[in-house]
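Read through the structure below, which is laid out as structure tokens, and then see the notes.
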Amino acid sequence: MSQTISEMETDRARQRKLHKLGIFCGISAALWLAGAEAPTKLVTVAVSPLVISFMMVFGAFISRWSLPAVIRSTADTFSDVRHVPHLVVWGIMAGCLWAIGNTLTIFAVRDIGLSLAFPLWNSNSLIGILWGTLLFKELHRAAWSRKVGVIGGGLIIFVGAILISKASTSEAAHVNALRGIAAALGAGLMFGSMYIPYRKAYITGMNPLTFLTLFTFGEIATVTVLAISFLGGVNVFWHELSSNRHILFWPLLGGFMWVVGDLLQNYAAKYVGISRGIPLSNTNQLWGLLWAILVFRELHGLSPNVYVEVIGGSILMAAGAAGIASSSTSENEYSSWKEAARRETELYRIDPVYVMTRMEGRDVDSNRVRRTWTDWLLITGAVAIFVVFGILARIPHMEIQMGWLVALSLAMLLVLFAAGLALWRVTRFT
């Protein structure tokens with residue numbers, strides 16, 4: 001009996017540690033997801049949104065194969081897939097949804113600006129809460145105070161989105177404000193729905209590094225088809241890429257930054273659920289607002305009412321996310337997560353030991369796989385591609401405040417180091 005009690009105490013201690021880690025990963029993801037959207041400002045220099053979207057996804061594709069090779073090796077990725085092969089389809093589906101959503105964000109930024117579009121597509125947190133509750137029992141058996149925190153936070157986020165929407169329709173400098181709002185909300189729907197495959201993957205134990213590798217096939221295929229179709233064929237698409245080759249490095253870099261943020265967001269979704277992890281990472285709208293105002297001076301010269309509505313709406317949305325994050329996962333709710341995991345285990349005939357071990361952030365096999373020549377080839381190839389595009393790159397003729405650019409970039413690097421160190425110490429990136 002004493003052994004059983006000891007094991008229960010150890011399990012609760014591990015759960016609390018993983019909860020804190022998930023919260024920190026969600027906050028860290030916000031900085032990188034906000035920074036990744038900065039290159040979309042290039043649409044203001046007459047670059048097709050489809051070209052920007054394709055290059056971001058191309059950068060993500062390269063990064064999502066090379067980063068796993070750096071962190072845990074590709075052999076570990078294939079080993080993970082052998083345990084849960086059904087998730088290959090779900091990962092590709094999530095990538096398709098993300099690619100459509102990302103393309104819509106580019107159109108939204110072009111039509112209503114980064115600071116106005118950002119919070120609107122972050123309505124995906126409401127959809128994430130809905131799916132997490134209905135499909136994966138994330139709020140089942142939770143205390144009423146925690147349910148109120150999550151649902152109330154979601155409503156506050158919605159009010160903030162309405163406030164910002166009002167600002168964009170009444171004061172936007174562009175003639176396509178309604179189209180921009182529709183694009184941003186459509187992106188939120190795509191991003192919110194892609195969390196269904198995310199959660200299916202993580203309650204069955206899959207490593208986020210593996211899931212994002214599968215994810216990238218769906219996104220690169222979808223965005224390529226969209227770009228070729230809407231631009232008028234392969235020749236036109238190639239001409240657009242060639243004629244804009246001097247600025248392609250920046251969205252390529254944005255794709256890398258997005259992968260870092262998305263990876264941290266996925267660890268948050270794994271350890272605190274999508275109903276909590278996604279709103280946490282959606283505090284990126286405040287960082288996006290800082291990029292827009294401080295680096296690009298996007299709201300410069302507009303009326304004070306616009307500043308009040310945009311900043312006030314963003315603060316409301318962030319406050320709602322904070323309320324959700326403060327509603328910690330109880331032991332009763334965590335047990336309902338395990339029930340959802342058992343359902344997946346029985347449905348797809350997965351090894352239950354694998355599922356429970358990976359849910360707790362532990363390795364199934366203690367023997368680490370060493371990196372092979374394939375890993376080093378992937379890493380070298382990715383670096384070479386970034387170097388080549390970097391050599392061709394030129395800084396666009398835009399008003400950029402370099403001091404703030406450096407300050408925000410340093411903040412991102414410091415947070416990445418802290419989150420990476422925490423993930424390594426607690427989970428070894430499982």
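Odds and ends about this structure:
- Ranking 190, 293, 91 by Cα position along the charge dipole of region 12-427, where only Lys, Arg, Asp and Glu carry charges on their C-beta atoms, puts 91 farthest toward the positive end.
- Of the residues 143, 102, 47, the one whose Cα sits farthest towards the positive end of the charge dipole of the chain is 143 (charges of +1 on Lys and Arg Cβ, -1 on Asp and Glu Cβ, taken about the Cα centre).
- Sorted by Cβ density within 10 Å, fewest first, the residues 211, 296, 230: 230, 296, 211
- Note, ³J(HN,Hα) from phi for region 127-140, Karplus 6.51, -1.76, 1.60, rounded to Hz, x at Gly and Pro: 5, x, 4, 4, 5, x, 6, 6, 9, 10, 6, 6, 10, 5
- The chain, relative contact order in percent, only Cα pairs under 8 angstrom and at least six apart counted: 34 percent
- The trypsin sites (Lys or Arg not before Pro) of region 340-418 meeting both criteria, a DSSP state outside H, G, I, E and B (loop) and at most 12 other C-beta atoms within 10 angstrom of the site's C-beta, are 349, 368, 370, 394.
- Length gained on full extension, residue 130 to residue 418: 100.6 nm, using 0.36 nm per residue less the C-alpha separation.
- When semi-axes √(5λ) of the Cα gyration tensor in Å is calculated for this entry, the matching label among (1) 35, 27, 18; (2) 44, 22, 17; (3) 34, 30, 22 is (1).
- Peptides 241-249, 316-324 ranked from most to least packed by the mean count of surrounding Cβ atoms within 10 Å: 316-324, 241-249.
- Within region 264-314, the trypsin sites (Lys or Arg not before Pro) that combine a DSSP coil assignment with at most 16 other C-beta atoms in a 10 angstrom radius are 297.
- A Förster radius of 60 Å combined with the Cβ-Cβ distance from residue 394 to residue 339 puts the calculated FRET efficiency at roughly 0.60.
- The Cα center of region 173-226 and the Cα center of region 259-274 differ in position by 14 Å.
- Evaluated over region 12-427, the count of Lys pairs having alpha-carbon atoms less than 28 Å apart is 21 (only pairs 8 or more residues apart or interchain).
- Computed from Cα positions, the angle between helix 144-171 and the longest principal axis of the chain comes to roughly 10 degrees.
- Of 340, 410, 393, farthest towards positive along the dipole that unit charges on Lys, Arg, Asp, Glu beta carbons give the chain: 340
- Angle in degrees between helix 87-112 and the longest Cα principal axis of the chain, rounded to the nearest 10: 30 degrees
- What the phi angles of region 306-321 give under the Karplus curve with 6.51, -1.76 and 1.60, with θ = phi - 60°, is a coupling list of 5, 4, 5, 5, 5, 5, x, x, 5, 5, 4, 5, 5, 5, x, 5 Hz, glycine and proline written as x.
- Expected 222 nm ellipticity per residue - DSSP helices of 4 or more, -39500 (n - 2.57), all of the chain, to 500: -26500 deg cm²/dmol
Any read-out appearing in this document is the output of simple, stated calculations on the displayed coordinates, not a laboratory observation. On a predicted model such as this, the values are computed, not experimentally measured, just so you know. Here Cβ is always computed from backbone atoms with ideal geometry, including for glycine, and neighbour counts include all displayed protein chains.
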